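Next up is a structure, given as structure tokens.
The values are calculated or read from the model by the stated rules, or taken from the named source; none is laboratory data. Please read all numbers here as calculations on a predicted model, not as lab measurements. Methodologically, a virtual Cβ is constructed for each residue, glycine included, from the backbone with ideal geometry; neighbour enumeration extends over all protein chains shown. Side chains included, ligands, DNA and RNA excluded: accessible areas come from the protein's heavy atoms. Shrake-Rupley method; radii C 1.70, N 1.55, O 1.52, S 1.80 Å.
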Amino acid sequence: MENRNILIGITGSIAAYKICSLVSSLSKQGYNVKVIETKHATAFIPPLTLAALSHHDVYTDEFNGENEALIPHIALTKWADVFCIAPADANILAKAATGIADDLLSSAILACNKPILVAPAMNVHMYENPATQANLNTLRLRGWQVIEPESGVLACQDTGKGRLADLTTIEHAIINLLEQQNSDQDLLANKKVVISAGPTVESLDPVRFLSNHSTGKQGYAIARAAQKMGADVVLVSGPVHLEKPQGVRLIPVVDARQMEEAMKQESGDADFVIMAAAVADFRFKETFDQKMKKENDRDTITFELVKNPDILASLGANKKPGQVLCGFAMETENLDHNARAKLEKKNCDLLVANNLNTEGAGFGTDTNVVSLLLKDSTQHLGMQNKEELGRTILKTMLQLQKGQA
Ligand code: CTP
């Protein structure tokens, strides 16, 4: 604990007064705690109170302090192992989501490459406003852990969701993250992990295409998890609406043949190869450079489709010694039977199977419910967020590589 550094950012919400107890409790347990307050936060809690509880200076301004050579937003984020923003008002969420850095706290957020937790607290209408929800979603997709506010009577006397989460929930989330970081950090150092994600898009003409509902969330979450575990990560992605994860090399592709080419190239020296993409099984036999016109005298039209390469099967057939290969299977019935057949047919070491009909699993969700199939065992996992599942998959692959699974 002595070497575990927690940076806490406090914004101007009435719930700010509660953070004194959090700072005090973490500090009494032996964690090093430093605090950044926004100008509005200092109106609720004087810095002196937090300085006394944390035994450190409290930072409120880019330019204050006796040590002028110290650049606080850089020095503090380098020092921190985790960064927790609590309470987070709507304004800081908006600034974080758009990258505005106009004060110390928002600059520190922009400079931070450590895990970030955020506990929002605000009026229910501000919380439910689509702008706030969109900002929170953006932050979740960047890997931030959001500690949801609770419902109840709020300080403004409105009733609804917006009350700062229970302090013990916030404290446990911070400590869990530190413990996880301790055990996972550098687990994949010097390993190359190649992941495919998203759909492939097979064009008919400049306007129409054949594709599927994949959003890429699961593949991107695995990439984030691998990067945090110290791996050298390559993400081969079909067209999606997601941000590139920090510290990951992204290779954008459109159709299955481009994805196959990129996966072949990158997997040659890879330790772990993961096919999380939803590859279109077929493409149009004939494609057109100009928009196809509809012919008015016909009510139906037939297209001939040809099979796309099975990328996973060809990676399985050409697996390098020591390389671990993971496939995915999306099923709507007979999950275990169909998935096991795919594991064997495509020569995978691990297959992650989910049933599209299970709540919390599949396309577009932030969670997944899967079974992990190894050559001689099956493990049914409960609902996990997609990044947690990414960690589980990567740890299983590590054990397989070590011959322990
Ligand atoms: N896959 C692939 N190339 C394809 C089709 C699928 O590499 N042309 C990979 C997927 O990325 C996934 C696994 O194979 O890792 C299983 O994909 P899935 O769509 O579940 O199965 P299919 O093999 O396409 O079989 P089916 O459509 O009959 O279920």
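Residue farthest toward the positive end of the dipole of the chain, with Cβ of Lys/Arg at +1 and Asp/Glu at -1: which of 55, 347, 182?
The listed residue farthest towards the positive side: 347.
May I ask which residue of 16, 155, 111 lies farthest towards the positive end of the charge dipole of the chain, with charges of +1 (Lys, Arg) and -1 (Asp, Glu) on Cβ and the Cα centre as origin?
Toward the positive end, the furthest listed residue is 111.
Nearest 20 debye, what's the magnitude of the dipole of the range 82-241 about its Cα centre given +1 on Lys and Arg Cβ and -1 on Asp and Glu Cβ?
Details: 12 positive and 15 negative charges, 92 e Å.
Value, rounded to 20: 440 debye.
Under the rule of at least 5 residues apart or a separate chain, name every residue whose amide H is placed under 5 Å from the amide H of residue 231.
Amide H to amide H, under 5 Å and 5 or more residues apart or across chains, residue 231 pairs with 188.
Separate question: Residues with amide H under 5 Å of residue 236's amide H, sequence separation 5 or more or different chain, H placed in the peptide plane at 1.01 Å from N; which?
Under 5 Å from the amide H of residue 236: 195, 196, 197, 251.
What helices in the chain pass both tests, a Cα length along the helix axis of 24 Å or more and a mean Kyte hydropathy of -1.0 or higher, using whole DSSP H runs? Working shown, then result.
Details: long enough: 167-184 (25 Å, -0.18).
In the chain, the long hydrophobic H runs are 167-184.
Any idea what diffusion coefficient the chain gets from Stokes-Einstein, in µm²/s, Kirkwood Rh on alpha carbon pairs, 4 °C, 1.567 mPa s?
Details: Rh = 23.4 Å.
D = 55 µm²/s.
Starting from the Cα of residue 287, step 7 Å toward the Cβ, then list every residue of the range 210-254 with an amide N under 20 Å from that point.
210-214, 236-241, 251-254
Where nothing but the Cβ of Lys and Arg (+1) and of Asp and Glu (-1) is charged, how large is the charge dipole of the range 1-134 around its Cα centre, in debye to the nearest 20? If you can, show how the numbers build up before the last one.
Details: 8 positive and 12 negative charges, 82 e Å.
That gives the range 1-134 a dipole magnitude of about 400 debye.
I'd like the accessible area for residue 249, computed on protein heavy atoms only with a 1.4 Å probe and all protein chains in place. Round to 10 Å², please.
110 Å²
Oh, and also: What's the magnitude of the charge dipole for the chain around its Cα centre, counting Lys and Arg as +1 and Asp and Glu as -1 at the beta-carbon? Answer in Debye, nearest 20.
Here the size comes out at about 720 debye.
Another question, then. Share of antiparallel DSSP beta bridges in the range 244-378, in percent to the nearest 5? Mind showing how you got there, number by number?
Details: 9 of 19 bridges.
About 45 percent, rounded to the nearest 5.
Given R₀ = 35 Å, what would the calculated FRET efficiency be for residue 125 paired with residue 366, taking r from the Cβ atoms and rounding to 0.05?
E(calc), rounded to 0.05, equals 0.90.
Follow-up question, since we're still on this one. I need the semi-axes of the equivalent ellipsoid of the range 192-404: take the C-alpha gyration tensor, multiply each eigenvalue by 5, square-root it, list largest first in whole angstrom.
Semi-axes (√(5λ), whole Å): 31, 19, 17.
Same structure, new question: Which value, in Å² and to the nearest 10, is the accessible area of residue 350 when all protein chains are kept and the probe is 1.4 Å?
My reading of the accessible area for residue 350 is about 0 Å².
If you don't mind, another one. Let me know the longest stretch in the chain that avoids all GluC sites (Glu not before Pro) found in a DSSP loop with at most 12 other C-beta atoms within 10 Å.
Result, exposed sites excluded: 69-242.
Identify, among 332, 96, 284, the residue whose Cα sits farthest towards the positive end of the charge dipole of the chain, taking +1 on the Cβ of Lys and Arg and -1 on the Cβ of Asp and Glu, with the dipole about the Cα centre.
284
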